[in-house]
Amino acid sequence: MRNIRRLFLRCLRLGHRRKFTYLNLLTDSLRYSRLCLVSLAYNSFTNSDVVIESLFEPIYWLVDHVTRWFGIVFVALVIILTSSIVLIVYICLLPLILQTYSTAWICWHVTYGHWNLILIVFHYYKAITTPPGYPPQVQKNIPSVSVCRKCIAPKPARTHHCSICNKCILKMDHHCPWLNNCVGHYNHRYFFSFCLFMTLGCIYCSISSRVMFRDAYAAIETYSQTPPPAFTFRERAVHKCIIYLWVLCSSVAVALGALTLWHAMLITRGETSIERHINKKERKRLQEKGKIFHNPYSYGRFSNWRLFFGVESQMQWITRVLLPSAHPAYGDGLTWNAPHWIPMKQTSVLAI
């Protein structure tokens, strides 16, 4: 009897050992699988921002491809809307101006209106046809601060990769769908000048047509009266065209004006849209260490504007800013030294 009891207890211990052995094997397998997964996906720079960006990667891919294929549609839309405003001004507003305004006001409207229109057309054409600038692929001794992980090529200072163009852009600011082009080193001035003069043109049209807009709106309010007013088909079309002109120009003036002011602030600080976010993080990082951040690409407010427009003398503020000018941007976009006509000299700098 005693032997049977010992045998029974030995079997129980063996069963427990086998049970714990299987459990330990399962636990070890799970730990090993977790270690393999973590080792494959480990990155010391991984944080919540990287995880969110990875989750939104399919959305970014979709937006990039839609923007790439619809760029021509956006350009056509800008041309159609601008052309419609110009036609309305010539067909509806200009005859009224010639009939009711004095000679001095007629000269002012004709001169300013055509000057503004020429600058808008010139800068928009140059902005969409001028390449923003790309790092050379053949030259191997270009000054670079990193390697683009998508192009697998040296990336100079202030250069960033555009996922829509699938290229690295010198001094990239952003990709503009309304230009179907990137805004970079060689066409940044054309883009800003287009925004500036388009805003001024919209403000000019809104202010000049405000009285006509009130009259046209009051006339349209009487369409539903009984008996209806005796307006001809042409008069009704003119009323609706004036309403369309004033609403469109006022809306574009507000939206594009805000964008122009934003870029004016960036130009004053010697930054691009991308560098604005980079410098903000760097400024915060240095502030935590008790240090002050200095933008290495800023040469002073006035000098930044001179460098942006390529103005070397006082006369060139007229010939290169207020008149159409196709002069190239200063420098090659690879190195960033202060030109001789900038009073504040700085040494060559690298990207942040």
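The values are calculated or read from the model by the stated rules, or taken from the named source; none is laboratory data. Keep in mind the model is a prediction, meaning the values are calculated, not measured. As a convention, Cβ positions derive from the backbone with ideal geometry for all residues, glycine included, and neighbour counts pool all protein chains shown. Quick note on the areas: whole protein, heavy atoms, side chains included, nothing else; ligands and nucleic acids left out. Shrake-Rupley method; radii C 1.70, N 1.55, O 1.52, S 1.80 Å.
Can you pull out every residue in the stretch 179-196 that is modelled with pLDDT of 95 or more, open to solvent by 30 Å² or more (accessible area, probe 1.4 Å) and touching a helix residue (DSSP H, G or I) at 6+ places or on another chain (Cβ under 6 Å)?
Leu196
Considering only residues of the stretch 219-270 that are under 30 Å from Phe302 (Cα atoms) and of a type in the set (S, T, N, Q), which is nearest to the chain's Cα centre (by Cα)?
Thr260
Name the residues in the stretch 197-239 that are surrounded by 15 or more Cβ atoms within 10 Å (Cβ to Cβ) and basic (Lys, Arg), would you?
Passing the criteria: only Arg236.
Starting from residues that are open to solvent by 50 Å² or more (accessible area, probe 1.4 Å) and under 16 Å from Gly71 (Cβ atoms), keep the ones in the stretch 129-178 and report whichever is modelled with the lowest pLDDT.
Asn166
Filter the stretch 267-282 down to the residues that are without any contact (Cβ under 8 Å) to a residue 12 or more places away in the chain and either outside any helix (DSSP H, G or I) or open to solvent by less than 70 Å² (accessible area, probe 1.4 Å) (or both) and list them by number.
Taking the stretch 267-282 first, the residues without any contact (Cβ under 8 Å) to a residue 12 or more places away in the chain are 276-277, 280-281.
The one that is without any contact (Cβ under 8 Å) to a residue 12 or more places away in the chain and either outside any helix (DSSP H, G or I) or open to solvent by less than 70 Å² (accessible area, probe 1.4 Å) (or both): Arg276.
Could you please give the count of residues in the stretch 298-333 that are out of contact with any Phe, Trp or Tyr (no Cβ under 6 Å at 6 or more places or on another chain) and assigned to a loop (DSSP other than H, G, I, E, B)?
Summing the residues that are out of contact with any Phe, Trp or Tyr (no Cβ under 6 Å at 6 or more places or on another chain) and assigned to a loop (DSSP other than H, G, I, E, B) in the stretch 298-333 gives 15.
Got a number for residues in the stretch 156-173 being of a type in the set (S, T, N, Q) and closer than 19 Å to Trp336 by Cα?
Within the stretch 156-173, residues that are of a type in the set (S, T, N, Q) and closer than 19 Å to Trp336 by Cα number 1.
Scanning for something β-branched (Val, Ile, Thr) and surrounded by 15 or more Cβ atoms within 10 Å (Cβ to Cβ), does the stretch 283-304 turn up at least one residue?
no
What is the number of the single condition among (1) touching a strand residue (DSSP E or B) at 6+ places or on another chain (Cβ under 8 Å); (2) on the phi > 0 side of the Ramachandran plot; (3) among the basic types (Lys, Arg) that Lys155 does not meet?
Failing condition for Lys155: (2).
Quick check on my filter: what residues within the stretch 141-164 are within 23 Å of Thr129 (Cα to Cα) and either polar (S, T, N, Q) or without any contact (Cβ under 8 Å) to a residue 24 or more places away in the chain (or both)?
Thr159, His161, Cys162, Ser163
Restricting to the stretch 93-128, and then to whatever is open to solvent by 70 Å² or more (accessible area, probe 1.4 Å) and either of a type in the set (S, T, N, Q) or in contact with a Lys or Arg (Cβ under 7 Å, 6 or more places away or on another chain) (or both), can you tell me which residue is modelled with the highest pLDDT?
Selected residue: Thr111.
Regarding the stretch 206-226, can at least one residue be identified that is part of a helix (DSSP H, G or I), farther than 30 Å from Ile142 by Cα and touching a Ser or Thr at 6+ places or on another chain (Cβ under 8 Å)?
Looking for residues that are part of a helix (DSSP H, G or I), farther than 30 Å from Ile142 by Cα and touching a Ser or Thr at 6+ places or on another chain (Cβ under 8 Å), one finds at least one in the stretch 206-226, hence yes.
Of the residues in the stretch 305-317, how many are open to solvent by less than 80 Å² (accessible area, probe 1.4 Å) and either out of contact with any His (no Cβ under 7 Å at 6 or more places or on another chain) or over 19 Å from Gly184 (Cα atoms) (or both)?
Looking only at that region, the number is 9.
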